[in-house]
Amino acid sequence: MSNNKEKPIGIFDSGVGGLTIALEIMRKLPNENIVYFGDTARVPYGTKSKETIIHYSRQIVKFLKEKNVKAIVVACNTASAFALDTIEKELDIPIIGVVKPGAKASTQITESKKVGVIGTEGTIKSKIYSEYIKTLDPEIEVIGRACPLFVPLVEEGWTHDMITEEVAERYLEEMKASGVDSLILGCTHYPLLRTLLKKVLGDSITLVNPAYETALSLDELLRENDIASDGDKGTFDIYVSDDPEKFKKFAKKSMKEYADRVDEVTQINIEEY
Ligand code: DGL
């Protein structure tokens, strides 16, 4: 594979959540080959320190480079918040995260100049969304809320469940009253809760899906660098750091339309990198 255009795109996340980004990328760029890494042995990232996330991300980038990727997508919000800037400086290929595309879209939507962000503790504490949004429009007020229970609820498959709805009501009570008119789903898993969140929040709050926005940004990035694939239907190679079967089951279910592309899931020892 000497042709740069046919080299794969590397996507990584702390686990299964990044599949929401892989899904949007496949929809937007069906001809791209993808190598996905889910760090299932070390998930969650959302509660870990910046130093740890940088260390993990460096190891994963090393692994993906070995797979000869032409560009990298940091699908994890927490890793985008903590490690993207550092890694970008160390890399010789293009890399994007999910924060900037989602943040930018919210600034184009909001009329009330009040934007909400939900995510892991790490992402919300980092204030990354708020900082970036303020560089685009200093008048916008950003209201953040960590929703740590959403990740396990999604992984349990309770995306349309009464319990999850109650949890969402609790988490988002203040958000609803705050006057935000757009809400960034700042965590990989949250796009899977879109229907439920719409029900809880009503029609006056527009949900921003960074997974979708990232696919658009990736498209632009590949074109700008003249490395967009012009091949046929892309491949999808999946690597994980823990039980491949569990991952495969979740992937087949959450990516129904591409279930035929979820074939082999290979376990690797990421600590070797
Ligand atoms: N992938 C993480 C994120 O988007 C959520 C899961 C975790 O905490 O690792 O921040």
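Every read-out reported here was derived from the displayed coordinates using simple, explicitly stated rules and does not represent laboratory data. Just so you know, these numbers come straight off a predicted model, no measurement behind them. Cβ placement follows ideal geometry from the backbone for every residue including glycine, while neighbour counts extend to all protein chains displayed.
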**Report entry** Long-range HN-HN contacts of residue 182 with modeled amide H, under 5 Å
**Finding:** 116, 206
**Report entry** Share of Cα-Cα pairs in the chain lying beyond 36 Å, as whole percent
**Finding:** 10
Query raised in the report: Against the longest principal axis of the chain, how steep is helix 19-28, in degrees 0 to 90 to the nearest 10, with axes from Cα atoms?
Result: 70
Requested in this report: May I ask you to derive the FRET efficiency for residue 165 and residue 139 from their Cβ-Cβ distance with R0 = 30 Å, giving the value to the nearest 0.05?
Outcome: 0.35
Report task. Return the lysines within reach of residue 67: Cα separation strictly under 17 angstrom, same-chain partners fewer than 8 residues apart disregarded; answer none if there are no such residues. Result -> 5, 7
Query raised in the report: Any idea how far apart residue 28 and residue 216 come out in nm if each label point goes 7 Å out from Cα toward Cβ?
Result: 0.8
Report summary line: Here the convex hull volume per residue of segment 132-237, taken over Cα atoms and given in Å³, is 149
Report task. Take the Cα radius of gyration of segment 76-206 and divide it by 2.2 N^0.38 Å, with N its residue count; two decimals is plenty. Result -> 1.06
Query - DSSP beta bridge pairing in the chain, given as percent antiparallel to the nearest 5 - result: 0
Query raised in the report: What would the Debye formula give as log10 I(q)/I(0) at q = 0.13, 0.26 Å⁻¹ for the alpha-carbon point model of segment 193-273, no solvent?
Result: -0.71, -1.12
Query raised in the report: Kirkwood Rh over Cα pairs of segment 1-158 into Stokes-Einstein at 37 °C, 0.692 mPa s: D in µm²/s?
Result: 200
Report task. Taking the chain as the reference, fit the longest principal axis to its C-alpha atoms, fit the long axis of helix 99-109 to the helix C-alpha atoms, and give the angle between the two in degrees, 0 to 90, nearest 10. Result -> 40
Query raised in the report: Mind ordering 30-40, 126-136, 71-81 by average Cβ neighbours within 10 Å, highest first?
Result: 71-81, 30-40, 126-136
Report task. Using per-residue counts of other Cβ atoms within 10 Å, averaged over each peptide, order 55-65, 14-24 from highest down. Result -> 14-24, 55-65
**Report entry** Size of charge dipole - segment 68-155 - debye, nearest 20, with Cβ of Lys, Arg +1 and Asp, Glu -1, no other charges
**Finding:** 120
Report summary line: Taking Rh as the Kirkwood radius computed over alpha-carbon pairs of segment 92-140 and applying Stokes-Einstein at 4 °C with viscosity 1.567 mPa s, one gets a diffusion coefficient in µm² s⁻¹ of 112
Query raised in the report: On a 0 to 90 degree scale, rounded to 10, what angle separates helix 210-224 from the longest Cα axis of the chain?
Result: 40
Query - Cα→Cβ-extended label distance, 7 Å offset, between residue 257 and residue 112, nm - result: 3.0
